[in-house]
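K.L.:
Just passing along the structure, written as structure tokens.
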Amino acid sequence: MADFDQLIDEFLRQEFEDSPVSASGLGLTEFDDRLDDLSAEAFDRRQARSADWGRRFGAVPDDDLAPEERIDRDLAVAMMAGRSIMAEWMPWRRDPVAYSGPIANGLFGLFLHRLRPEPELVDAAVARLGQASRALEQGRANLDPKLAHPLILRRGRDAARGTARYVREMLPTEAGIERNRARLADAGADAARALDDWAAYLDEMSRVATGSWQLGEERYTRLLREREALPYDARSLRDRGRTEYDRLTAEMRDLTRSAWGTDEWNAVLERSNEDHPATEEEMRRTYAAWTAKARQFLVETGLVTIPEGESCDVLPSPPFQRPLLGVASYMSPPAFAPSLLGHFFVPFAPEGASAAEIQKRLAANSFGHIPTTTVHEAYPGHHWHLVVRKTRARRLRRVLGTPYFNEGWGLYAERLMRERGFFTEPIQELNHLKATLFRAARIVVDTSLHLGEMSYEEAVTFMVEKTATPEPTARAEVGRYCWWPTQASAYLTGCLEILRIRDRYLTSRGLPAGSAATAPVAVMREFHDRLAESGSLPLGLAEKALLPQP
């Protein structure tokens with residue numbers, strides 16, 4: 001439908017104008033020299049536009065659309081509904097990372113992807129650095145100590161300090177020519193001073209802030225149903241997490257009894273955590289070696305089709321990200337640029353971490369744990385999926401998507417690789433089960449935090465005691481759940497939905513449900529390729545894209 005294509009074109013143009021940092025991250029280099037407008041008026045304007053776009057897409061009738069276009073329409077409606085629900089909560093009045101994040105990401109992405117010659121990249125970076133003070137002043141005007149919680153403000157403070165260090169010390173080294181390094185250093189010094197002042201401002205505000213991180217039951221449930229197209233409310237999702245936690249605990253007991261002659265899986269994991277890389281660089285090298293092994297396994301088995309020309313680098317996590325994330329992460333190649341190079345970031349400790357804390361964090365990345373995390377982040381997890389999405393998904397689906405698909409796929413990838421024999425040692429299988437149990441615990445903690453039925457300290461204790469997670473990692477994790485409502489529940493929830501869709505797919509091919517471990521490779525490859533190329537849809541829409549509805 002030509003009119004529908006025009007509607008998508010108009011929507012995307014508005015998206016890119018409203019968020020030039022996101023547009024730049026998608027590979028649209030004409031936006032590289034601009035930071036987002038982060039004023040209160042701009043947030044209000046974007047909220048109104050999201051509501052209007054939801055109405056406009058929702059008004060397009062089925063009869064005017066082909067089946068794939070109907071899914072595109074429903075995707076846009078779901079994502080706009082999610083934006084409207086979150087806008088009611090006003091995160092831009094609560095979260096300081098809304099202001100430092102675009103600065104950090106808007107600079108880091110330029111030199112990570114290097115889509116333009118160095119002089120042009122430096123010009124764009126200097127322009128963005130020059131707009132940093134404005135963005136932070138807008139943050140000062142917008143943050144409300146009656147809405148912001150001290151924990152979230154302190155996380156924002158630490159992120160600002162990491163960003164200041166990045167622009168002051170590390171960004172200039174990205175340039176190969178001395179004149180360009182000097183320009184970045186001068187502009188970075190000015191931005192770093194503004195970030196230091198911003199961090200001090202947040203530190204002061206955190207002492208008097210009285211707000212809450214709790215999203216609340218109604219909003220949490222609405223996000224599950226309206227944005228994710230799932231049938232759960234917050235409490236039934238928590239019940240599902242508890243059920244999966246109990247099931248996985250039993251499976252882990254069975255495995256440890258068989259392999260180690262004990263029911264104490266927690267003790268086995270704690271001993272295993274002592275066998276970890278001695279340094280953060282050794283950890284990075286180990287992740288890189290397992291990334292290569294996982295890719296080779298897929299080449300040999302044919303479980304997925306690997307796009308020609310793709311590759312995945314394994315790097316230390318960016319300094320500004322380290323106070324916010326205690327686990328590995330991934331950044332995909334830009335959706336609208338030729339590059340197929342993805343970046344897998346391994347979790348280095350934030351600046352100022354003690355030697356003891358670094359060792360505890362390394363223990364969370366033991367040699368037994370690294371294989372399953374690698375599979376999740378790289379092959380056939382996020383890297384493989386997002387490269388396929390970039391090269392084969394429809395245009396709108398390269399821009400809009402949900403973590404319930406993305407993170408669900410990452411955890412599904414771990415499950416798939418265990419089913420098909422990639423993990424060859426019991427400790428690797430146990431760590432995979434522990435990683436899945438960890439995601440079940442996340443559902444329980446995330447829902448309980450945002451229902452107001454678990455405190456931060458209770459959540460940290462729960463993660464330490466129930467998942468054998470070192471305390472520094474648990475604190476970083478729980479802080480992230482408070483900061484990013486519903487995301488922590490995405491992993492296992494999405495994985496279980498993908499497994500349900502897979503069973504339907506197998507039965508449609510005349511195979512028994514639950515037979516994925518022995519199903520013909522050609523059938524499994526077809527399922528994986530088709531699901532990945534559908535994009536990052538809400539799982540209810542992904543099912544429609546893959547299978548006719550009963």
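K.L.:
Among the numbered criteria (1) under 25 Å from ASN142 (Cα atoms); (2) under 30 Å from the mean Cα position of the chain (by Cα), which single criterion is violated by LEU171?
P.N.:
Every listed condition holds for LEU171 apart from (1).
K.L.:
Assess whether ALA488 counts as being out of contact with any Pro (no Cβ under 8 Å at 6 or more places or on another chain), more than 17 Å from PRO403 (Cβ to Cβ), crowded, with 23+ Cβ neighbours inside 10 Å and small (Gly, Ala, Ser).
P.N.:
So ALA488 fails the test.
K.L.:
Return the only residue of LEU112, LEU38, LEU121 being more than 23 Å from LEU7 (Cβ to Cβ) and in contact with a strand residue (DSSP E or B) (Cβ under 8 Å, 6 or more places away or on another chain).
P.N.:
LEU112
K.L.:
Next question, about the same structure. Being in a loop (DSSP other than H, G, I, E, B) and within 15 Å of SER332 (Cα to Cα) is the filter here, so list the residues in region 388-399 that pass it.
P.N.:
If the condition is that a residue be in a loop (DSSP other than H, G, I, E, B) and within 15 Å of SER332 (Cα to Cα), then ALA393, VAL399 are the ones that fit.
K.L.:
Separate question: Does PHE423 satisfy the condition of being touching an Asp or Glu at 6+ places or on another chain (Cβ under 8 Å) and assigned by TED's automatic domain parsing to the domain that holds SER339?
P.N.:
Yes; evaluated as a whole, the condition is true for this residue.
K.L.:
Follow-up. Before we move on, is HIS385 without any contact (Cβ under 8 Å) to a residue 60 or more places away in the chain and either touching a strand residue (DSSP E or B) at 6+ places or on another chain (Cβ under 8 Å) or part of a helix (DSSP H, G or I) (or both)?
P.N.:
No: the conditions fail for HIS385.
K.L.:
Quick check: anything in region 391-403 surrounded by 24 or more Cβ atoms within 10 Å (Cβ to Cβ) and within 18 Å of the chain's Cα centre (by Cα)?
P.N.:
Yes, region 391-403 contains a residue that is surrounded by 24 or more Cβ atoms within 10 Å (Cβ to Cβ) and within 18 Å of the chain's Cα centre (by Cα).
K.L.:
Further question on the same structure: Which pairs turn up if I take residues in region 35-64 that are β-branched (Val, Ile, Thr) and look for partners that are crowded, with 20+ Cβ neighbours inside 10 Å and outside any loop (DSSP other than H, G, I, E, B) with beta carbon separation below 6 Å, at least 6 apart in sequence or on another chain?
P.N.:
That search, which allows pairs on different chains as well, returns VAL60/ARG73.
K.L.:
Which condition does GLU69 not pass, out of (1) of a type in the set (D, E, K, R); (2) within 23 Å of the chain's Cα centre (by Cα); (3) part of a helix (DSSP H, G or I), if it passes all the others?
P.N.:
With respect to (1) of a type in the set (D, E, K, R); (2) within 23 Å of the chain's Cα centre (by Cα); (3) part of a helix (DSSP H, G or I), GLU69 is out only on (2).
K.L.:
Which residue, of ASP197, ASP158, ASP186, is touching a residue at least 12 places away in the same chain (Cβ under 8 Å), farther than 23 Å from MET463 by Cβ and of a type in the set (Asp, Glu)?
P.N.:
Of ASP197, ASP158, ASP186, the one residue that is touching a residue at least 12 places away in the same chain (Cβ under 8 Å), farther than 23 Å from MET463 by Cβ and of a type in the set (Asp, Glu) is ASP197.
K.L.:
Would you confirm whether any residue within region 397-409 is among the aliphatic types (A, V, I, L, M) and either farther than 22 Å from LYS293 by Cβ or not assigned by TED's automatic domain parsing to the domain that holds TYR245 (or both)?
P.N.:
Yes, there is a match, as at least one residue in region 397-409 is among the aliphatic types (A, V, I, L, M) and either farther than 22 Å from LYS293 by Cβ or not assigned by TED's automatic domain parsing to the domain that holds TYR245 (or both).
K.L.:
Now, a different point. Is region 113-121 home to any residue that is under 25 Å from the mean Cα position of the chain (by Cα), without any contact (Cβ under 8 Å) to a residue 24 or more places away in the chain and over 30 Å from TYR456 (Cβ atoms)?
P.N.:
There is at least one residue in region 113-121 that is under 25 Å from the mean Cα position of the chain (by Cα), without any contact (Cβ under 8 Å) to a residue 24 or more places away in the chain and over 30 Å from TYR456 (Cβ atoms).
For every residue, the table says whether it meets (1) among the aliphatic types (A, V, I, L, M); (2) part of a loop (DSSP other than H, G, I, E, B); (3) more than 21 Å from the chain's Cα centre (by Cα).
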| residue | (1), (2), (3) |
| --- | --- |
| ARG179 | no, no, yes |
| ALA194 | yes, no, yes |
| MET205 | yes, no, yes |
| ALA229 | yes, yes, no |
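K.L.:
Oh, and also: Residues to consider are VAL327, VAL299; find the one that is modelled with pLDDT of 95 or more and either farther than 30 Å from ARG116 by Cβ or assigned by TED's automatic domain parsing to the domain that holds GLN487 (or both).
P.N.:
VAL299
The values are calculated or read from the model by the stated rules, or taken from the named source; none is laboratory data. Quick caveat, the model's predicted, so the values are computed rather than measured. Reconstructed Cβ throughout: ideal geometry from the backbone, glycine too, with neighbour counts over all protein chains shown.
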